[in-house]
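Data block below; observations after.
Readers should treat all values here as calculations from the given coordinates under stated rules, not as data from a laboratory. Given the structure is predicted, the values throughout are model-derived calculations rather than measurements. Cβ sites come from the backbone with ideal geometry, for glycine too, and all protein chains shown count toward neighbours.
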């Protein structure tokens, strides 16, 4: 979790811009959600109709090239997106995934990822994780001295 006076890293700035942009589409978001042990989603978004999106933020070519887990995130969302800045070489990104161009202040959906609806049992588990994650973050914000277990 980010400390208040610590500068944001490039991926965190992208995540902030993505979250701000998606809020304008009536999505709520959480960052750094762990759907299962060994996977950590940069941004998970929950839409007004219950849709679940995963957004992976990549701040550089190296960051993208060393990510060997991203395909495992497809099992935890209805749509998958990459979020990158305007200098990122987007030709590296798979064409069958979504694309969001972002900076630390906002973003823009350039390409929708294909929809692959989650099965009901998986959707219920993801929404519960999302809710618990959001509630824990809200509790920490209200009471910074509280203990956090993720």
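Of note:
- Amide N of the range 54-86 lying under 17 Å from the label point, which is placed 7 angstrom from the Cα of residue 106 along Cα→Cβ: 84-86
- Value at 222 nm in deg cm²/dmol, rounded to 500, when DSSP H runs of n ≥ 4 in the chain each add -39,500 (n - 2.57): -9000 deg cm²/dmol
- Checking (1) 28, 24, 11; (2) 23, 20, 14; (3) 31, 21, 13 against the coordinates, the calculated semi-axes √(5λ) of the Cα gyration tensor in Å falls under label (2).
- One chain, two ends: residue 51 and residue 135. Fully extended at 0.36 nm per residue, the span grows by 28.3 nm beyond their Cα-Cα distance.
- Three-way shape label, the range 10-53, alpha-carbon gyration tensor, a/c 1.5: oblate
- Rounded to 0.05, the FRET efficiency of the residue 115 and residue 142 pair, given R0 = 41 Å and the Cβ-Cβ distance, is 0.70.
- Cα centroid separation - the range 44-70 against the range 93-111, whole Å: 10 Å
- At R0 = 22 Å, FRET efficiency that the Cβ-Cβ distance of residue 25 and residue 96 yields, to 0.05: 0.55
- Exposure proxy shown here: for 129, 58, the number of other Cβ atoms within 10 Å sets the order, fewest to most, as 129, 58.
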